[in-house]
Amino acid sequence: MGYAIEARCLTKKFGDLTAVDSVSLSVREGEIFGLLGPNGAGKTTLISMLVTMRKPTSGSATVAGFDVVKNPGDVRRSIGIVFQDPSLDEELTASENLELHAAMYGIPGQQREARIKEVAKMVELSGRLSDQVKTFSGGMRRRLEIARGLMHFPKVLFLDEPTLGLDPQTRAHIWDYVRKLREKNGITVVLTTHYLDEADLVCDRIAIIDQGKIVAQGKPAELKGKLSADRVTIHCRFPARLKRAVWGQDGILKADVAGGRLELRVSDAGRKMPAIVSIANKAKVAIRSLEIRKASLDDVFLHYTGRSMRDEPASAKDSLRIRRRAWGRGR
Amino acid sequence: MKTENHELVAAYFIWKREIIRFLRSKSRIAGSLGMPLFFLAIFGMGLEGALRSSSLGGSYLDFITPGILAMVLMTASVFSGAIVIMDRQFGFLKETLVAPVRRSSIVIGKSLGGATTAVFQGLLILFFAAILGAGVHPSSWLMLLLLMFLISASFVSFGIAVASVMEDMHGFQLVMNFFIMPLFFLSGALFPLSSAPEPIRIASYLDPLTYAVEALRHLAIGKSSMGFGLCLAVIAAFFLLSTSAAIHLFERIES
């Protein structure tokens, strides 16, 4: 199977700031590939180079077999883009938006009408084609943007934060469409998100990007597997005594006492728990409660970047974006 | 599949978008025609008696009708060029910028679309002027329409050029106040330049709208203080200049 995207040492500098720092990655055809990282990590800049909106400072990349610097026109014809910010004309109807897009992407006149109906059906907007976009909810707008991105039969679909500012139910819906797309059309999807749980659910492979660099790459399960540790929290009377008792046991990688609880990092925690409980009984430590958390992408992120993604405050621009979307939905 | 035809089709649909947006915004039409209507009705009727001077060679209403027409064409056109700023603010601009079409096709589509809507508004104002009693008897409607179209396309391009370098709507207000109003007042739309003092007359000759007003007078009421050929040459030059500026600056927009 070929590669839909190959980037080699792709770098983008803005003055002194290196937004994307020598990124190399390959995305296979038909794959759903996630770019994961906090705000300002360089996800959008990386995407904007791949979609030929910005020229790389150095390095090279091919998308759908075309060089992003030498053949930007061919790249643009082979890709669909859903931007982070809304980009529909609200005064136009859904079908007028799609029609304009079809015309700009050179879809012949006699095919336009049929294709509009087709993509509208894909995102379940068939009944709303002749309504003005300003009457649409946030989720409907996103779906329409996805439909628009698909109009010209792209080989690769780029989705930049497609679920930002949407409610959880709508987000789940959007991901459903993305998965179906891949199943039905075999299209390659590259998406960015900072909702780790969503990436875990949707992506075949992910790359974690932080401060312009890719710090980890692989299947979500592999990345989590590499951590080989689940978190176990034990609330008990004498956490320090329990720590001494379990420390050194097979599979216990880390043990910390914090307040009235013991925090453990345990590989394959589910199997180790009975042993830990019986050790606690022998040591006469009464366990009040016990909690196992399987390694999540949050942990992976923390592991590779030393920071928790949830600590990142939303930037002013992001909160503006979210507010604007919310405002758009209300009307 | 990529042919010149594709660029034309793209430009046509950009044109169509302008028309659709125009037809959907009834309030915009009413708003943009309100001011020139007041000018026509109040100046035209109110000053009629006071200004029955020989230098006009006819009624004041007749005299200002082409001037007001030029004003409508200019403001309507510059505003539709300004759509670029709105598009940027509401995100739609990106969609056009990443499309596999030449930026010049987009500019041309926008310019023709904006000009079409401006000419339509111009015809409305001519109609109202005729109701008020202005003597609008163009020797050739076709020529008049073509001229109106050329003037409008020039000013849409001017608007696109300005909007391409502006970040938000505030800057555009500034341009409107410091360009549009002086251009209008200096153009001889409201008073004959021959009776104006020297400095004003010189400034007027630097104003492209002056030539638009005089050319329109030629065709709409058959009287003008300038040669039609000269006017047409200046307008054509202004058209080429503003269109190439619009294309150049629009191409430079970083998406």
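The values are calculated or read from the model by the stated rules, or taken from the named source; none is laboratory data. Quick caveat, the model's predicted, so the values are computed rather than measured. Positions of Cβ are generated from backbone atoms using ideal geometry, with glycine treated the same way; all protein chains shown enter the neighbour counts.
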* Of all residues in region B:89-108 being more than 10 Å from chain A (Cβ to nearest Cβ) and crowded, with 20+ Cβ neighbours inside 10 Å, the one that is nearest to B:ALA220 (Cα to Cα) -> B:ILE108
* Structure fact -> Within region B:121-137, the count of residues that are touching a residue at least 40 places away in the same chain (Cβ under 8 Å) and in a helix (DSSP H, G or I) comes to 8
* **Top-ranked residue of region A:168-191 - restricted to ones that are at pLDDT below 90 and in contact with a Gly (Cβ under 8 Å, 6 or more places away or on another chain), ranked as farthest from A:GLY30 (Cα to Cα)** => A:THR170
* Go through (1) under 15 Å from the mean Cα position of the chain (by Cα); (2) within 14 Å of chain A (Cβ to nearest Cβ) and name the single condition B:LEU144 misses. => (2)
* Asked: Is one or more of the residues making up region A:175-189 part of a strand (DSSP E or B) and among the hydrophobic types (A, V, I, L, M, F, W, C)?
  -> yes
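For every residue, the table says whether it meets (1) part of a helix (DSSP H, G or I); (2) modelled with pLDDT under 85; (3) in the same structural domain as A:VAL27 (by TED's automatic domain parsing); (4) loosely packed, with under 12 Cβ neighbours inside 10 Å.
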residue: A:ALA216; (1), (2), (3), (4): no, no, yes, no
residue: A:ALA280; (1), (2), (3), (4): yes, no, no, no
residue: A:ARG288; (1), (2), (3), (4): no, no, no, yes
residue: A:ASP299; (1), (2), (3), (4): yes, yes, no, no
residue: A:TYR304; (1), (2), (3), (4): yes, yes, no, no
residue: A:ARG329; (1), (2), (3), (4): yes, yes, no, no
* From the list B:LEU232, B:LEU219, B:LEU249, B:LEU183, which one is surrounded by 14 or more Cβ atoms within 10 Å (Cβ to Cβ), over 29 Å from B:SER104 (Cα atoms) and out of contact with any Phe, Trp or Tyr (no Cβ under 7 Å at 6 or more places or on another chain)? -> B:LEU219
* Looking only at region A:190-212, which residues are part of a helix (DSSP H, G or I), without any contact (Cβ under 8 Å) to a residue 60 or more places away in the chain and either outside the structural domain of A:SER58 (by TED's automatic domain parsing) or surrounded by 18 or more Cβ atoms within 10 Å (Cβ to Cβ) (or both)? -> A:GLU198
* Of all residues in region A:37-53, how many are out of contact with any Asp or Glu (no Cβ under 9 Å at 6 or more places or on another chain) and part of a helix (DSSP H, G or I)? -> 4
* Asked: Somewhere in region A:233-245, is a residue assigned to a strand (DSSP E or B) and more than 37 Å from the chain's Cα centre (by Cα)?
  -> yes
* Within region A:20-53, which residues are among the small types (Gly, Ala, Ser) and within 14 Å of another protein chain (Cβ to nearest Cβ)? -> A:SER48
* Consider B:SER157 carefully, then state whether it is surrounded by fewer than 23 Cβ atoms within 10 Å (Cβ to Cβ), small (Gly, Ala, Ser) and touching a residue at least 40 places away in the same chain (Cβ under 8 Å). => no
* Residue satisfying all of: in region B:1-43; touching a residue at least 24 places away in the same chain (Cβ under 8 Å) and small (Gly, Ala, Ser); nearest to the other protein chains (Cβ to nearest Cβ) among these -> B:ALA10
* Sole residue being in contact (Cβ under 8 Å) with a residue 12 or more places away in the chain, under 23 Å from B:ASN5 (Cβ atoms) and assigned by TED's automatic domain parsing to the domain that holds A:GLY138, chosen from A:ILE32, A:ILE81, A:ILE107, A:ILE47 -> A:ILE107
